[in-house]
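The values are calculated or read from the model by the stated rules, or taken from the named source; none is laboratory data. Keep in mind the model is a prediction, meaning the values are calculated, not measured. Cβ placement follows ideal geometry from the backbone for every residue including glycine, while neighbour counts extend to all protein chains displayed. Ligands, DNA and RNA are excluded from the accessible area calculation, which covers all protein heavy atoms including side chains. Shrake-Rupley method; radii C 1.70, N 1.55, O 1.52, S 1.80 Å.
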Amino acid sequence: MLRHGGLVQLLGKRIYEWSKTEQRRYALGFFAMGNTCSNLGIPPGKGPNAVGCTDFMMDHTTQGTFFRLYYPCQETEKAEKPDWVPCVEYFNGLADFLKINRALSERIFNYLFGSFKIPAFVDAPFRSNEKCPVVIFSHGLGAFRTLYSAICAELASQGFIVASVEHRDQSASATYFFREKTESEKAIKNGPKTSPSTPDDLVTEWMYYRGLQHGESEFPLRNKQVKQRADECILALDRLIEINSGISVQNVLQTQFDWTTLENSMDLCRIAVVGHSFGGATVIEALCKEVKFKCGVALDAWMFPLDDELFARVKQPIFFINSQKFQWAGNISRMKKLDSAVIERKMITIRGTVHQSFPDFTFLTRNWIGRLLKLNGEIDPVIAIDLCNKATLAFLQRHLGLRKNFDQWDPLIEGQDDNLIQGTNITVLESSI
């Protein structure tokens, strides 16, 4: 399970095991105070734009689309930054995913991560002096839409509009949708209602991670999920296209953001898809299904869920950015099946990184606990994500035809940095490709 991106599972199990004794629970309280110190936090975007974010859900059922949007914004004095973990139900989802006690895990996760904010302003007004290229982002197994904010906020600060999809294929540790109230619930004045953003005639329903059943084969489940994930990325893109064209959309979540300001704001000739782990496989699947995606960036991709016959049908450029500690020969050999003499397919490895060097967890435990939980590699996590983001931007400029200065980082695409390896650190036999 951990091989293919169960980053939250790895985190939670190790915290839970570590905290089981009374002495360690006592120590955790002291650690928690230290973990909220000023040198921890998700790094903000480095680009010229302030970053806003808002949540969007259209069609309240599981068939609808749900994503967090990051975008260039106006800075306002009243704007607030959202919590990194949106609400307690996500902690509960992590607990169920890990098969541990909800009450204890909620305390642990709230101690460790409850005080952190995303580096973006909630519902801030959109502002850009030019049309924005678009990125659809796909999260990893056991994650959800908010856990990659360092990457998404950086792209938005550089002028992109980024939709970070929350998948409803039961690969997220938790997500939600709405159902219509029954007649009896409507008759009750104070009937079930989860939050102020919930419409009066709807009730929130939570969907949690679906693990493998006893004796169940993994590939059929993951293959079905990756197909649904790709469809959800395409659906998110379709909604953005409608918003850009001025079609009126109804956001079920009733946020304060004015969606009409995004009319004619997007450069729909310049669209890419990016994802981590299971999201990396989703990148490949989405490229195969939708030609509007002009290129893809797969971060430490887990290739297992993909059909072999799909590789020959992908026609867009792909950039694999891998960690040093996660990959193995079988996974790399599947990436290399996408090698092409005519379409650019690039691969680099960031030295000293682990699989968890891409999600935000790595910035929030930068001390001995981070090493204990293997959320941090040997490299400074800020340096690692900076290399990842700059290489991504250079690749996007090259294949989306952007008129920016991201080409200054072109050498990173070739692995030209002391902290990079061109290609992979894994030995792969030609016969396995």
Problem - Residues with amide H under 5 Å from that of Val297, placed H, sequence gap 5 or more - result: Val273, Val274, Gly275, Phe319
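Computed over the Cα atoms of the chain, what is the convex hull's projected area averaged over all directions, in nm²?
For the Cα atoms of the chain, the hull's average projected area reads 22.1 nm².
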Problem - Solvent-accessible area per residue, Å², over the chain with all protein chains present [probe radius 1.4 Å] - result: 41
Handout entry: region 391-424 versus region 115-144: alpha-carbon centroid distance in Å
Key = 22
Practice task
Pairs of Cα atoms under 8 Å, at least six residues apart: use those to get the relative contact order of the chain, whole percent.
Solution key: 16
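Assuming a ≥ b ≥ c are the square roots of the Cα gyration tensor eigenvalues, decide whether region 178-309 counts as rounded (a/c under 1.5), prolate (otherwise, with a/b larger than b/c) or oblate.
Oblate, since a/c reaches 1.5 and b/c is not below a/b.
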Problem - Cα radius of gyration and Dmax for region 276-331 (Å) - result: 10.9, 33
Problem - region 50-107: radius of gyration over Cα atoms, expressed as a fraction of 2.2 N^0.38 Å - result: 1.51
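Given the DSSP H assignment, sum -39500 (n - 2.57) over each helix run of at least 4 residues in the chain and divide by its residue total; what's the result at 222 nm in deg cm²/dmol, nearest 500? Before the final figure, lay out the partial values.
Working: 12 runs with 140 residues, N = 433.
Rounded to the nearest 500, the figure is -10000 deg cm²/dmol.
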Exercise for the section: Over every pair of different alpha-carbon atoms in region 109-166, take the mean of 1/r and invert it; report that Kirkwood radius in Å. Expected result: 12.9
Problem - At most 13 other Cβ within 10 Å, DSSP loop - trypsin sites (Lys or Arg not before Pro), region 308-349 - result: Lys315
Exercise for the section: Please tell me the relative contact order of region 95-160 in percent, rounded to the nearest whole number, where contacts are Cα pairs under 8 Å and at least six residues apart. Expected result: 33
Practice task
Send over the per residue convex hull volume for region 298-430, Cα only, as a whole number of Å³.
Solution key: 119
Fill in the blank from the handout: About its Cα centre, the chain carries a charge dipole, from +1 on Lys and Arg Cβ atoms and -1 on Asp and Glu Cβ atoms, whose size in debye to the nearest 20 is 820
Exercise for the section: For region 143-244, just the Cα set please: Rg and Dmax, both in angstrom. Expected result: 17.5, 50
Practice task
Pull out the extension gain between Lys117 and Asp339, defined as 0.36 nm times the separation in residues minus the alpha carbon to alpha carbon distance; nm, one decimal.
Solution key: 76.0 nm
Practice task
Compute the FRET efficiency between Ala329 and Gln213 as 1/(1 + (r/R0)^6), taking r as their Cβ-Cβ distance and R0 = 25 Å, and round to the nearest 0.05.
Solution key: 0.30
Handout entry: Relative packing of peptides 391-398, 103-110, 120-127, 227-234 - highest average C-beta neighbours within 10 Å first
Key = 391-398, 227-234, 120-127, 103-110
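Stretch Leu268-Asn405 to full length: gain in nm at 0.36 nm per residue minus the Cα-Cα span?
Here the segment from Leu268 to Asn405 would lengthen by 47.3 nm.
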Problem - Percentage relative contact order, region 70-211, counting C-alpha pairs under 8 Å, at least six apart - result: 28
Practice task
Once you have a ≥ b ≥ c as the square roots of the Cα gyration tensor eigenvalues for region 31-182, tell me rounded if a/c is under 1.5, and otherwise prolate or oblate according to whether a/b is larger than b/c.
Solution key: oblate
Problem - Carbon + sulfur, % of accessible area of the chain - ligands and nucleic acids excluded, 1.4 Å - result: 48
